[in-house]
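Report on one structure; see the data block that follows.
The values are calculated or read from the model by the stated rules, or taken from the named source; none is laboratory data. Predicted, not measured: the structure shown is a model, and the values here were computed from it. Cβ sites come from the backbone with ideal geometry, for glycine too, and all protein chains shown count toward neighbours. Heads up: the accessible areas ignore ligands, DNA and RNA and are worked out on the full protein's heavy atoms, side chains in. Shrake-Rupley method; radii C 1.70, N 1.55, O 1.52, S 1.80 Å.
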Amino acid sequence: MQTLTPNTDLFHAKRRRFTCSTQTSTLIPTKTLSVFPARKTNREHLMNLENVLKTSSTFTDNLDSVSSRQDKTKTSTSTLLKGLNLARIWPQMKAAVDEMSPKNLKRLQRLLSKSSEERSPKNKLGSKWRELHGSNNWAGLLDPLDENLRRELVRYGEFVQAAYQAFHSDPEGSPRHVALPDGSYKVTKSLYATSSVRLPKWIDEVAPDLRWMTKQTSWVGYVAVCDDPSEIRRMGRREIVIALRGTATLLEWSENFRPNLVSMPEPKPDPSDPTRPKVECGFNSLYTTGSHQAPSLAESLIGEISRLVDLYAGEELSISVTGHSLGAAIALLAADDIAERVPHAPPVSVFSFGGPRVGNREFADRLDSKGVKVLRVVNSQDVVTKVPGIFSDNDKQGQNRNNGRSQGGIIMEMVEKNNPWAYSHVGAELRVDMKMSPYLKPNADVACCHDLEAYLHLVDGFLASNCPFRANAKRSLRKLLDEQRSNVKALYTGKSLRLSRITTVPDNGDVLPSPSS
């Protein structure tokens, strides 16, 4: 058999010789160049150039015709899309496109930045501070929400956040420093609440690291006063703020679950009178109980407010009591006590967030008769605002209770008066809704619905009950994302991770978010 041997020379590239000299071209191998080209060569170059130009012209014409056809196609397609009116058929499309726009992404990056401290301009409140403080029960200011009142509510909420932060910095003792959100104020008094519930000593032995959870007396808030002359002029008065945090210790939780109503102290009590003002037993216990470590919250607070009123006698003063959850409940007791026991007390108003019911209808009437104004911020999904109590008169808020009473209404009123769990809400109400936020899940859990930062987020974005979330809300989302990540929509948690990777802004630690108008 004959063996075929491939010709390997066919697979070897032949090397050409390139000579580099003044007589040799580097482009055409081994072919000499003339220093002075012939005229015929020049004519050939000109002819070739002319042919090239003609070819380019033809190619340009072809491109123009193709572009024209594409424009016609785009025009016809655009006309077709407009005819379909996809925005009407699929309204989410426009929102999704707008959400991913560079403008919104830049805004989201600002809202997610921990170091963002954008502040809205502070308007002068001198001529209308009494109206914002509730002199007309906030009529015409809640729906739609007045921009100055929105900013004031966020500011009061931040005073309560400062109380939470101070307590958790040293839960076993007294905080050395309270980081107030407004440098115009100074803390004048620390407040302590004592529980009357006693727990077995073995609980401390089982969990010694959680001994602060079983302490009888705990730091619950503070009193602060504005001492900045320019801020006093802007607000139209010197303001005294009382800020109270929510439930934190085991004994405080125990007091929350003592829902029976007890009579409030009166000069001439009549035990047989069913119309006496009554409040929840546990809240009243925390407010009035003292210990060897500290006097009762009532005595400590009344003493400090009396001192400040005497100190600034002759000045325009106001007292604002603010609190969240348990703090909101105690705020009502404190406001009632101040109006009752402090001589020459200035106007007293309560701004509460996520507060439970505190007392019966007679207690609400008592606050109203003393001129105490109450504005409750309520999240529709917050179950805490719906307890304790079996009966309530929420449907009668703002109505004359003495007019148009049917026989059924009279019977219900008798039941409420004699029922130990017949509670009633107090004052005016600003109702927000978790479902209005474009950032939070509509099915957020119970903790998120009651979270103070979630409340401030909803207030900052609230325009009116029939309006969507405010598009120009300035409050940072960073704290909300850190504390309620599982309740923030996945779209924004993903964006926050991507933005955190590309951002070059240094992290200056947690800062109190800025209020906005």
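List of remarks:
- Residues of segment 136-169 with an amide N closer than 19 Å to a point placed 7 Å from the Cα of Asp482 along the Cα-to-Cβ direction: 155, 157-169.
- 3J(HN,Hα) along segment 221-232, derived from phi through the Karplus expression 6.51 cos²θ - 1.76 cosθ + 1.60 where θ = phi - 60°, amounts to x, 7, 10, 10, 9, 6, 10, 9, x, 5, 5, 4 Hz, with x in place of Gly and Pro.
- Efficiency of FRET from Cβ geometry, Trp421 and Glu299, R₀ 30 Å, rounded to 0.05: 0.55
- Computed from the C-beta positions of Asn466 and Asn443, the FRET efficiency with R₀ = 30 Å rounds to 0.85.
- Computed over segment 214-267: relative contact order in percent, which uses C-alpha pairs under 8 Å that are six or more apart: 37 percent
- If R0 is taken as 41 Å, the Cβ-Cβ distance between Arg198 and Asp368 corresponds to a FRET efficiency of 0.65.
- Flagged links, alpha-carbon separation over 30 Å, of Lys122/Lys278; Lys124/Lys278; Lys186/Lys215; Lys124/Lys441; Lys386/Lys479; Lys124/Lys474: Lys122/Lys278; Lys124/Lys278; Lys124/Lys441
- Ordered from largest to smallest accessible area (heavy atoms of protein chains, 1.4 Å probe), the residues Lys189, Lys435 come out as Lys435, Lys189.
- Computed with a 1.4 Å probe over protein heavy atoms only, the accessible area of Glu483 comes to about 90 Å².
- Note on Arg341: accessible area is roughly 100 Å² with a 1.4 Å probe, heavy atoms of protein only.
- Full-extension gain in nm, Asp228 to Arg176, via 0.36 nm per residue minus C-alpha separation: 16.5 nm
- Near Tyr222, the amide H atoms lying under 5 Å from its own belong to Leu191, Ala243; only residues 5 or more places off or on other chains count, and H is placed 1.01 Å from N.
- For segment 284-360 versus segment 215-235, the gap between their alpha-carbon centres in whole angstrom: 12 Å
- Computed packing ranks the peptides 231-237, 378-384 as 378-384, 231-237, most packed first, by mean other Cβ atoms within 10 Å.
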